[in-house]
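*Asks:* Could you have a look at this structure, given as C-alpha cells, before my questions?
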Amino acid sequence: MTTDLPEPLTEPVAEDLRLDAVMGALADPLRLTIIRKLMLESEAYDHSCGWFGFDRPKSSLTHHFKALREAGLIRQRQYGWERRSRLRTEDLNARFPGLLDLVAHWESSPSKEPIRSEPEGSPQI
C-alpha cells in the first residue's frame, strides 16, 4: 500500500537555503515558536495551523507560515482547503549543522533589563 502525498508547495531546494533568510525568519518570536513547537511537540506527520493553538487571525498565520516556507524552514502541502506544515529537519541539519540544536535550547530571557556594558560594581558616572 502506497501513501500518495500532495506535492509540497514551492520552497527552496536544500542547496539553495541561505543562512540570512533562515535567521531572518527565525528573528520573529511567533515564527521561532512555530519552529520550536514543530521540533519539540510534533508527531511524524504534517500539522495544520489549528494544531498550533495560536489565537491569531488566519491571515496573520498564513503570512508567518509563508515566510517560514520561503526561507526553507518548513515544507507545506495542500490537503483540500487546508495547508499542513512539517519542519525540514534533514535539509536544515545538512545545510546548517547545529542550528536546530540552538533553536531547540533557546529560551527567551525572563528579565527585560538592558545588558550592562560595565562590570558589576563599577562606579556609575
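The values are calculated or read from the model by the stated rules, or taken from the named source; none is laboratory data. No experiment lies behind these values; they were computed from the predicted model shown. Every residue, glycine among them, receives a Cβ derived from its backbone with ideal geometry; neighbour counts consider all protein chains shown.
*Asks:* Restricting to segment 1-34, count the residues that are among the aliphatic types (A, V, I, L, M), farther than 19 Å from Arg84 by Cβ, touching a residue at least 12 places away in the same chain (Cβ under 8 Å) and part of a loop (DSSP other than H, G, I, E, B). Steps first, answer last, please.
*Replies:* The initial filter retains those residues of segment 1-34 that are among the aliphatic types (A, V, I, L, M), namely 1, 5, 9, 13-14, 17, 19, 21-23, 25-27, 30, 32, 34.
In the following step, the residues that additionally are farther than 19 Å from Arg84 by Cβ were identified as 1, 13-14, 17, 19, 21-23, 26-27, 32.
The next check asks that each one be touching a residue at least 12 places away in the same chain (Cβ under 8 Å); those that pass are 14, 17, 19, 21-22, 26, 32.
Filter once more, keeping what is part of a loop (DSSP other than H, G, I, E, B): 17.
Here the count works out to 1.
*Asks:* Of all the residues that make up segment 76-125, how many are modelled with pLDDT under 85, over 18 Å from Gly24 (Cβ atoms) and not β-branched (Val, Ile, Thr)?
*Replies:* So in segment 76-125, the residues modelled with pLDDT under 85 come out as 106-125.
Narrowing further to those that are over 18 Å from Gly24 (Cβ atoms): 107-125.
Filter once more, so that each one left must be not β-branched (Val, Ile, Thr): 107-114, 116-124.
Going through segment 76-125 one residue at a time, the tally reaches 17.
*Asks:* For segment 35-62, how many residues are assigned to a helix (DSSP H, G or I), without any contact (Cβ under 8 Å) to a residue 40 or more places away in the chain and surrounded by 13 or more Cβ atoms within 10 Å (Cβ to Cβ)?
*Replies:* 6
*Asks:* Checking the conditions here, which among Leu26, Leu73 is within 21 Å of Val103 (Cβ to Cβ), of a type outside the set (Ser, Thr, Tyr), modelled with pLDDT of 95 or more and touching a strand residue (DSSP E or B) at 6+ places or on another chain (Cβ under 9 Å)? Break it down into steps so the answer makes sense when it comes.
*Replies:* Working: Leu26 fails: touching a strand residue (DSSP E or B) at 6+ places or on another chain (Cβ under 9 Å).
On inspection, the qualifying residue turns out to be Leu73.
*Asks:* Also, quick follow-up: Within segment 63-94, restricting attention to residues that are touching a residue at least 24 places away in the same chain (Cβ under 8 Å) and among the small types (Gly, Ala, Ser), which residue is nearest to Pro8 (Cα to Cα)?
*Replies:* Ser85
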